[in-house]
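To start, the structure under review is shown below, and the notes come after it.
The values are calculated or read from the model by the stated rules, or taken from the named source; none is laboratory data. Everything quoted here is computed from the prediction, not taken from an experiment. Reconstructed Cβ throughout: ideal geometry from the backbone, glycine too, with neighbour counts over all protein chains shown.
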Amino acid sequence: MNLPMKPSATNSPARFQLPSVAFFGRTMSEYLQMLALEQGQLRGLAILDVASGPGSFVAEALAVGLDVTGCDPLYDGDPEQITAQGKADIDACREQIRRNPEVLLYADIEAFYRDKYTALERFAADFTTRRNEGRYVAGALPSLPFANTSFDLVLTANLLMVYAPLEDGGMSQGTDFGLAFHLRAVEDLARVTKSELRISGMHTWKHPPERHPYCHPMMNRLEELGMRAELVQSHYDDGCSITNPACNQVLVARR
């Protein structure tokens, strides 16, 4: 698949452009940092990770006795093909950033990619052995295959806002993930949430990044559904927010 392209020589800000959702994952350490969480906060909770991808959060969490389920539309595929796609997406992204280092700015780009390959390896080993245990469920927003209030804590990172249309501050060349999709998505995330919901990636994907225009409409919708919504600071280096740390935030909604 084609991944981020260098922007044309115009006055518009540099940004990534993605024709489709990349199969890209993170380690548990990265994931908790993204979502402003500590491992101790997860004890005793039934947790759902939405758009889990080839990250190792589920595998690592299960290994330390946490109760986590991952959900992703590709989880009904062949394990070898899924792993191959994950590696191809990481490699393609790495090559394009190498060619265009001005697009995203990481404090340590090599460490960033080492973590991606590590996450993929851990995911692949766990997915192969646990996919029949109900820990990896095929499904996608805005209609998740779970009953109401099935989970104490629901998490999702780097899907919402990231794949919004380019004109709205996202990376997508299409319009499938516009505001209407986001509002339906948060409604369904809230539906399966018993207590708390966290969404990471609340900024635009351009330089300099800004708070995403979908942020407050999503928060308002969650408030209408009876949840208390707020923004908390994240310190994860996603290559974009490093130029404006103040907008690197997590949407937290609680019943």
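Hey, among the residues in the range 139-156 that are under 13 Å from the mean Cα position of the chain (by Cα) and hydrophobic (A, V, I, L, M, F, W, C), which one's surrounded by the fewest Cβ atoms within 10 Å (Cβ to Cβ)? Among those residues, the one meeting the criterion is Ala140. Restricting the range 21-50 to residues that are closer than 18 Å to Ala88 by Cβ and not charged (D, E, K, R) leaves a set whose member that is surrounded by the most Cβ atoms within 10 Å (Cβ to Cβ) is Gly25. Only one of the numbered conditions (1) within 18 Å of Asp49 (Cα to Cα); (2) part of a helix (DSSP H, G or I); (3) not basic (Lys, Arg) is violated by Thr149, and that is (2).
Quickly run through the range 193-207 and pick out the residues that are under 24 Å from Asn148 (Cβ atoms) and either out of contact with any strand residue (DSSP E or B) (no Cβ under 6 Å at 6 or more places or on another chain) or surrounded by fewer than 18 Cβ atoms within 10 Å (Cβ to Cβ) (or both).
Narrowing the range 193-207 to residues under 24 Å from Asn148 (Cβ atoms): 193-200.
Passing the criteria: Lys194, Ser195.
Among the residues of the range 205-227, those that are of a type outside the set (Phe, Trp, Tyr), more than 21 Å from Tyr31 (Cα to Cα), modelled with pLDDT of 95 or more and not in a helix (DSSP H, G or I) comprise Pro213, Leu225, Gly226, Met227.
The single residue among Val103, Val137 that is among the aliphatic types (A, V, I, L, M), assigned to a strand (DSSP E or B) and either modelled with pLDDT of 90 or more or touching a strand residue (DSSP E or B) at 6+ places or on another chain (Cβ under 8 Å) (or both) turns out to be Val137. Looking at Phe123, is it among the aromatic types (Phe, Trp, Tyr), part of a helix (DSSP H, G or I) and either under 27 Å from Asp67 (Cα atoms) or touching a Phe, Trp or Tyr at 6+ places or on another chain (Cβ under 9 Å) (or both)? Yes, satisfied. Scan the range 218-225 and tell me whether some residue there is within 15 Å of Val162 (Cα to Cα) and buried (at least 20 other Cβ atoms within 10 Å of the Cβ). Yes, that holds for at least one residue.
This table checks each residue for (1) free of Cβ contacts under 8 Å to residues at least 12 places away in the same chain; (2) within 30 Å of Pro79 (Cα to Cα); (3) in a loop (DSSP other than H, G, I, E, B).
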position: Leu160; (1), (2), (3): no, yes, yes
position: Ala180; (1), (2), (3): yes, no, no
position: Lys194; (1), (2), (3): no, no, no
position: Arg198; (1), (2), (3): no, yes, no
position: Ala229; (1), (2), (3): no, no, no
position: Ala253; (1), (2), (3): no, no, no
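Answer with yes or no whether Pro54 is under 16 Å from the mean Cα position of the chain (by Cα) and either surrounded by fewer than 22 Cβ atoms within 10 Å (Cβ to Cβ) or closer than 28 Å to Ser195 by Cβ (or both). Yes; evaluated as a whole, the condition is true for this residue. Close Cβ contacts (under 6 Å, 6 or more residues apart or on different chains) running from residues in the range 108-126 that are within 15 Å of Tyr31 (Cα to Cα) to residues that are part of a helix (DSSP H, G or I) and among the basic types (Lys, Arg) comprise Tyr113/Arg94.
For residues that are surrounded by 15 or more Cβ atoms within 10 Å (Cβ to Cβ) and more than 19 Å from the chain's Cα centre (by Cα), tally how many sit in the range 78-95. Break it down stepwise before answering.
So the first thing to find is which residues in the range 78-95 are surrounded by 15 or more Cβ atoms within 10 Å (Cβ to Cβ), and the list is 79, 82-83, 85-87, 89-90, 92-94.
From what is left, the residues that are more than 19 Å from the chain's Cα centre (by Cα) are 79.
Going through the range 78-95 one residue at a time, the tally reaches 1.
Which of the residues that make up the range 25-40 are in contact with a His (Cβ under 9 Å, 6 or more places away or on another chain) and among the hydroxyl-bearing types (Ser, Thr, Tyr)? None - no residue of the range 25-40 is in contact with a His (Cβ under 9 Å, 6 or more places away or on another chain) and among the hydroxyl-bearing types (Ser, Thr, Tyr), so the list stays empty. For the range 241-251, the criterion of being touching a residue at least 60 places away in the same chain (Cβ under 8 Å) and either of a type in the set (D, E, K, R) or in a loop (DSSP other than H, G, I, E, B) (or both) is met by no residue.
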